[in-house]
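Input: a single structure, listed below in structure tokens.
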Amino acid sequence: MPLSAAAMAAAMTVLVTAVVPGAAASAGTSPGAPTSGAPTSGVPASAAPVPEAPVGKVVGAAPLPEADLSHHGYVSFSNGHIAIRIRSENLGPSDVTASTVRLRFSAPLAVTQELPYDCLRSGKATVLCETGGLRSGGGARQTALDLRPAGGPDEVIVRLDTVWNGGVRDTDPKNNVHQVLAPATGDAYAF
């Protein structure tokens, strides 16, 4: 999963202390004199203060753009098939370059499944679907799945959430996390 710019900057921040040739002589010690073993930069510590960043913050990092992803639709289960229709949209204010919806099932899925081109398996009972870019206040993206659970259960629980949101901060994550119980009656259960 891609890292946000702030996480990458934090991961790449390294404090480097270099040993400069001749630094011992310029620091007032003779070249053969014993040292404490700590590397020196040739500049007294009092002459080169290092600004400290507050814990948990990256100096110079831009704030994350905000968006509000929303997933709604329905689940129905009958004759050994789970039909799922998802409508994904971005209520704004920023555009989302890409997002991924995760669907987790209470029963494992049959080994052979035909999935839409933008979906893939991620374990025995999990499917990931990419929604593509979602413009702020733009049109919704539709995802349709027809899946078969293994073992012929009488009901299935589907848990749906956003696993990747293009690196934006979601201002209302409650409207993209759902759990639906679908008995094998063929009725459509909305989320």
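What follows is calculated from the coordinates using simple rules that are stated; it is not laboratory data. What you see is a predicted model; the values in this text were computed from it and never measured. Positions of Cβ are generated from backbone atoms using ideal geometry, with glycine treated the same way; all protein chains shown enter the neighbour counts.
Please report the net charge: other residues with Cβ closer than 15 Å to the Cβ of residue 156, K and R +1, D and E -1.
0
Considering only the other residues whose Cβ falls under 10 Å of the Cβ of residue 89, what net charge follows from Lys and Arg at +1 and Asp and Glu at -1?
Details: positive: 87, 135, 141; negative: 68.
Value of the local net charge: +2.
Using the Cβ atoms and a cut-off under 14 Å, what net charge is assigned to the surroundings of residue 179, where Lys and Arg are +1 and Asp and Glu are -1? Intermediate values should be presented prior to the final figure.
On the way: positive: 102, 104, 159, 174; negative: 155, 161.
Net charge in that neighbourhood comes out at +2.
Please list 114-122, 67-75, 172-180 highest first by mean number of surrounding beta-carbon atoms within 10 Å per residue.
Ranked from most to least packed, the peptides come out as 67-75, 172-180, 114-122.
Using a Debye calculation, one point per C-alpha and no hydration shell, please list log10 I(q)/I(0) for segment 67-191 at q = 0.12, 0.18, 0.20, 0.21 Å⁻¹ in order.
Reported log10 I(q)/I(0), two decimals: -0.42, -0.89, -1.05, -1.14.
If you project the alpha carbons of segment 98-144 onto their three principal axes, what span does each projection cover, largest first, in Å?
Result, largest extent first: 37, 19, 14 Å.
Going by Cα centres, segment 131-191 and segment 84-121 are how many Å apart?
Using only Cα atoms to place each centre, the spacing works out to 7 Å.
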